[in-house]
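The structure appears right after this line, and notes come after that.
The values are calculated or read from the model by the stated rules, or taken from the named source; none is laboratory data. Keep in mind that this is a model prediction, so the values were computed, not measured. Here the Cβ is made from the backbone with ideal geometry for all residues, glycine too, and neighbour counts use every protein chain on show.
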Amino acid sequence: MMYRYGYPYMGGFGFGFEWIFMLIFWALIIWAVFAVVRAMSGKSSHWHMQGGEDEALKILKERYAKGEIDKEEFEQKKTDLTKN
C-alpha cells in the first residue's frame, strides 16, 4: 500500500464515493454544453413544434399538388394539422 502525506493512498479514489460526484459533475457539464448549443441553434421544443406544423402543411400541399392525395383527404389532413 502506498502512503501519501502519512495516509494510505488509493490512487485518487480513496474509500469514498468521489467518483460519483465526478460523474455527476461531468454529466452536468455535458448537459450544459448541449443546452447552450440547442439554445443557440434556435431549436427549443416550443419553436420547433410550430415550425414542424408549417413544414407538415407544406408537405401536405405538395402531395396534393402532385396528385398523391385527393381533395377530400387533403381537407381532412389540413383540418387535423391546423386544429389547436
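Would you confirm whether any residue within the range 23-35 is of a type in the set (G, A, S), part of a helix (DSSP H, G or I), at pLDDT below 65 and out of contact with any helix residue (DSSP H, G or I) (no Cβ under 7 Å at 6 or more places or on another chain)? Looking for residues that are of a type in the set (G, A, S), part of a helix (DSSP H, G or I), at pLDDT below 65 and out of contact with any helix residue (DSSP H, G or I) (no Cβ under 7 Å at 6 or more places or on another chain), one finds none in the range 23-35, hence no.
Can we say E53 is over 13 Å from the mean Cα position of the chain (by Cα), outside the structural domain of K83 (by TED's automatic domain parsing) and at pLDDT below 95? Spelling it out, it is not the case that E53 is over 13 Å from the mean Cα position of the chain (by Cα), outside the structural domain of K83 (by TED's automatic domain parsing) and at pLDDT below 95.
Quick check, is S41 modelled with pLDDT of 80 or more, hydroxyl-bearing (S, T, Y) and on the phi < 0 side of the Ramachandran plot? Considered against the rule, which asks whether it is modelled with pLDDT of 80 or more, hydroxyl-bearing (S, T, Y) and on the phi < 0 side of the Ramachandran plot, S41 comes out as yes.
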